[in-house]
Each structure stands twice: as structure tokens, then as C-alpha cells.
1. Please compute the contact order of the chain in relative form: average sequence separation of alpha-carbon pairs under 8 Å and at least six residues apart, divided by the residue count, as a percent.
2. In the chain, which chymotrypsin sites (Phe, Trp or Tyr not before Pro) are in a loop and have at most 12 other Cβ atoms within 10 Å, using DSSP for the loop call?
3. What angle, in degrees between 0 and 90 and rounded to the nearest 10, separates the Cα long axis of helix 51-71 from the longest principal axis of the Cα atoms of the chain?
4. Would you mind getting the Kirkwood hydrodynamic radius of the chain from its Cα pairs, rounded to one decimal in Å?
5. Quick one: divide the alpha-carbon radius of gyration of segment 35-76 by 2.2 N^0.38 Å and tell me what you get.
6. With Cβ to Cβ distances under 9 Å as the rule, what net charge do the other residues near Trp64 carry (K, R +1; D, E -1)?
7. Between the helical axis of 23-33 and the dominant principal axis of the chain, each derived from Cα atoms, what acute angle in degrees is found, rounded to the nearest 10?
8. If you scale each eigenvalue of the Cα gyration tensor by 5 and take the root, what three semi-axes come out for segment 1-48, rounded to whole angstrom and sorted largest first?
Amino acid sequence: RKVTDAGATFRSHIDGRLLELTPERAIAIQEALGSDMAMVLDDVVGLPCERDRLAEAVERSIRWAERCQKAATRSDQAQFAIV
């Protein structure tokens with residue numbers, strides 16, 4: 001897997017296909033599913049980890065949350081951050 005400011009790229013566990021998940025795509029998928037609540041995309045780190053990597057993940061998650069808010073088209077779908 002590879003995580004950049006653009007999004008996360010990883011291989012499908014089903015067929016090995018390369019997939020890219022951006023904040024905008026995460027919201028589009030959840031809107032298309034018709035869910036009442038959507039989770040914003042975040043940069044998850046395994047703990048323990050270096051303090052710099054943790055700070056980077058927090059800052060990226062905040063930027064991604066802002067992009068998720070901007071990507072939303074449904075006013076009836078609540079967005080939540082993963083905590």
C-alpha cells in the first residue's frame with residue numbers, strides 16, 4: 001500500500017487489482033450506497049510509531065476531512081471522523 005496526500009493506493013484482496021481511494025471517492029462511494037452516515041478518509045498508522053509519522057498522519061487526516069466535506073453532495077448524510 002502507498003499513502004500520499006492524494007489518497008491511498010492498495011491492491012484488492014479479491015483479485016489483486018490496484019485500487020486508489022481518495023477522500024472524494026470515499027464520499028462518492030458512501031453517497032452512492034445511500035448511507036445515512038459517512039466516514040471521512042483518514043491516514044491510519046500502526047502504534048507504536050515515530051512521533052513525526054504520527055504528526056504527519058494527523059495533519060493529512062485533517063486535510064482529507066476538509067476534502068471530504070467539500071466533496072459531499074448530499075445534505076442528508078452526516079460525516080464523521082474515525083476516532
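1. Result for the chain is 31 percent.
2. none
3. Value to nearest ten degrees: 10.
4. For the chain, inverting the mean 1/r across all distinct Cα pairs yields 13.6 Å.
5. Relative to the 2.2 N^0.38 Å estimate, segment 35-76 comes out at 1.42.
6. -1
7. Tilt relative to the chain: about 40 degrees.
8. 20, 16, 11
Quick note: the coordinates plus some simple rules give every number you see, no bench work behind them. Predicted model only: the values in this text are computed from it and were never measured. Glycine also receives a Cβ, built like all others from the backbone with ideal geometry; neighbour counts cover every protein chain displayed.
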